Amino acid sequence: MALSRFVSYSAMPANTVSQAPLNLDTLPDGAWLRDKQIAGPVLPIARCTLWAWVREGRFPKPVKLSPRVTAWKVGDVRGFIASQVNA
């Protein structure tokens, strides 16, 4: 029998983004946030809503960091939140 059948692996894959509470006040404006870090922890919306807002021009466009990584600058997210509070 292979020992690997009995080895317990973490339920969370290594490439997932942590869902820990996020405090935007402690991050520099130049820090990067992925969609999973914005939709839910920062804004009470689903990821599909975030992407719909991007398509509609309601939310800032993200930056493509690599073929499989898209992110927003913290400063852009803060600016969006401030514009919604002041509206």
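A short reminder: the numbers here are calculations on the coordinates, not readings from a lab. Note that the structure is predicted; figures quoted are calculated from it, not measured. Backbone-built Cβ (ideal geometry, glycine too); neighbour counts: all protein chains shown.
Sort 32-38, 44-50 by packing, meaning the average of other beta carbons within 10 Å per residue, with the highest value first.
Listed from highest to lowest mean packing, they are 32-38, 44-50.
So, by mean Cβ neighbours within 10 angstrom, what's the order for 72-84, 54-66 with the highest one leading?
72-84, 54-66
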